[in-house]
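The values are calculated or read from the model by the stated rules, or taken from the named source; none is laboratory data. Keep in mind that this is a model prediction, so the values were computed, not measured. Backbone-built Cβ (ideal geometry, glycine too); neighbour counts: all protein chains shown. The accessibility values were calculated without ligands, DNA or RNA, using every heavy atom of the protein model including side chains. Shrake-Rupley method; radii C 1.70, N 1.55, O 1.52, S 1.80 Å.
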Amino acid sequence: MSSQSPAPKPRVAVVFGGRNSEHQISVLTAGAVLSAIDRDKYEVLPIGITADGRWALAADDPARMAIEDRKLPSVEELSESDTGGVLLPVSPGSREVVHTEPGQVPKALGEIDVVFPVLHGPYGEDGTLQGMLDLAEVPYVGSGVLASAVGMDKEYMKRILASFGLPVGPYVTVRPREWEQDPAAARKKIVDFAGDHGWPVFVKPARAGSSMGISKVDGLAGLDEAVENARRHDPKIIVESLLRGREIECGVLEFEDGPRASVPAEIPPVSDHDFYDFEAKYIDSASGIVPAPLTEEQTARVQELAVRAFEAASCEGLVRADFFLGEDGEFVINEINTMPGFTPISMYPRMWQESGVSYPELVDRLIQAALDRPTGLR
């Protein structure tokens with residue numbers, strides 16, 4: 001009497017790093033996700049994308065994917081080869097991953113069942129990777145091409161959210177050609193905006209996250225420097241007015257019966273920083289308050305708006321929605337993030353922990369949802 005061998009465990013490719021300014025934040029997220037994946041339930045294949053775009057076989061060593069002495073990790077430090085490359089499936093019918101080294105026969109690494117992309121920023125969170133995986137019919141965690149692109153581009157995110165009746169703050173966009181061909185006219189556009197809505201304004205890359213390249217500008221004197229700082233991350237910039245009020249965040253997670261909102265969190269003012277910038281988030285570990293001290297009505301309202309934003313942008317899997325609660329008691333949505341950070345201090349997992357979904361359960365739910373979701377148009 002022969003015994004049947006157990007069914008193979010689903011194989012999860014965790015893809016992280018990337019060729020953008022949020023590379024190191026992605027490595028932090030990958031370390032946390034790799035620590036949380038149930039190895040009795042899944043096999044794991046870590047794949048890092050170096051800062052110059054090489055796909056590398058990475059060490060499965062979450063302990064090395066953490067901040068140490070205020071220094072952020074990189075894929076280059078985790079890559080198992082300085083020259084080797086990883087090739088993901090590029091056509092339907094095969095989910096085989098291949099590792100190549102110059103002058104050597106390509107080595108098959110086996111098939112993958114699902115990709116967990118923990119990439120932040122352009123060339124990963126913005127629909128580019130999602131489109132590649134769609135072409136190969138490989139399931140993946142999180143939103144598809146459209147929602148990922150919308151969530152990355154702050155201008156079109158605001159346009160879409162506003163078209164669905166969600167409250168957004170004042171903003172103006174400066175496109176690459178405007179600044180490059182007629183900087184005086186582009187500068188006047190921003191100054192006129194500040195004249196209508198007041199100084200200070202926030203100058204941001206239109207398609208970046210993690211507070212990269214953001215400057216608070218109090219007047220004309222610092223404007224050009226702020227624009228150039230933002231343009232180092234993205235040639236298209238967005239300028240937003242100062243919204244006075246409390247910073248409130250809310251997580252959305254897709255369950256079998258549809259998206260649900262977590263308890264919200266509040267980001268308190270950071271005394272050593274002018275605003276909730278990169279260092280406040282990742283280096284100095286600014287702590288959010290979870291749950292946010294809101295009334296029941298305020299909590300219900302921000303949860304409703306977060307789910308509406310999730311659905312307005314056709315999101316899947318997960319979203320973190322960021323709001324300002326104004327002095328008039330009304331919420332204004334600042335942005336959505338289709339792949340929020342999963343670092344140990346990140347707000348998204350903390351909000352769900354407080355909502356009754358532990359970190360490992362959260363990761364497992366996202367993987368299972370991706371495995372259950374059909375590929376292709378849906």
(request) Sort out which residues of segment 284-340 are in a helix (DSSP H, G or I) and of a type in the set (Phe, Trp, Tyr), and write them in order of number. (result) 310
(request) Could you look through segment 227-286, keep only residues that are over 26 Å from residue 308 (Cβ atoms) and aliphatic (A, V, I, L, M), and pick out the one that is modelled with the lowest pLDDT? (result) 283
(request) Looking for whichever is of a type outside the set (Ser, Thr, Tyr), out of contact with any His (no Cβ under 9 Å at 6 or more places or on another chain) and crowded, with 21+ Cβ neighbours inside 10 Å here; the options are 264, 205. Which one fits? (result) 264
(message) Quick check on my filter: what residues within segment 348-376 are open to solvent by 50 Å² or more (accessible area, probe 1.4 Å), touching a residue at least 24 places away in the same chain (Cβ under 8 Å) and not in a helix (DSSP H, G or I)?
(response) 375
(request) Could you grab me the full set of residues in segment 111-141 that are polar (S, T, N, Q) and open to solvent by less than 30 Å² (accessible area, probe 1.4 Å)? (result) 130
(message) within 30 Å of residue 206 (Cβ to Cβ) and either part of a strand (DSSP E or B) or not acidic (Asp, Glu) (or both): is that true of residue 66 in this structure?
(response) no
(message) Please go through (1) open to solvent by less than 60 Å² (accessible area, probe 1.4 Å); (2) touching a residue at least 60 places away in the same chain (Cβ under 8 Å) for residue 162 and return the number of the only condition it doesn't satisfy.
(response) (2)
(message) Looking only at segment 211-223, filter to residues that are touching a Lys or Arg at 6+ places or on another chain (Cβ under 7 Å) and open to solvent by less than 30 Å² (accessible area, probe 1.4 Å); which one of those is farthest from residue 24 (Cα to Cα)?
(response) 223
(request) Check 147, 108, 51 and return the single one that is under 18 Å from the mean Cα position of the chain (by Cα) and either under 22 Å from residue 8 (Cα atoms) or buried (at least 19 other Cβ atoms within 10 Å of the Cβ) (or both). (result) 147
(message) Can you report the number of residues in segment 162-219 which are touching a strand residue (DSSP E or B) at 6+ places or on another chain (Cβ under 8 Å) and basic (Lys, Arg)?
(response) 3
(message) Regarding segment 330-339, can at least one residue be identified that is buried (at least 18 other Cβ atoms within 10 Å of the Cβ), of a type in the set (Ser, Thr, Tyr) and modelled with pLDDT under 95?
(response) no
(request) Evaluate segment 20-43: report whether one residue or more is in a strand (DSSP E or B), over 18 Å from the mean Cα position of the chain (by Cα) and of a type in the set (A, V, I, L, M). (result) no
(request) Only residues that are open to solvent by 60 Å² or more (accessible area, probe 1.4 Å) and touching a Leu at 6+ places or on another chain (Cβ under 6 Å): list them for segment 224-248, please. (result) 246
(request) Any chance you could count how many residues in segment 69-106 are under 30 Å from residue 369 (Cα atoms) and part of a strand (DSSP E or B)? (result) 8
(message) What pairs come out if I take residues in segment 225-248 that are under 20 Å from residue 329 (Cα atoms) and pair them with residues that are open to solvent by 60 Å² or more (accessible area, probe 1.4 Å) and among the charged types (D, E, K, R) whose C-beta lies under 9 Å away, six or more apart or interchain?
(response) 241/196; 242/216; 244/327; 245/327; 245/328; 245/330
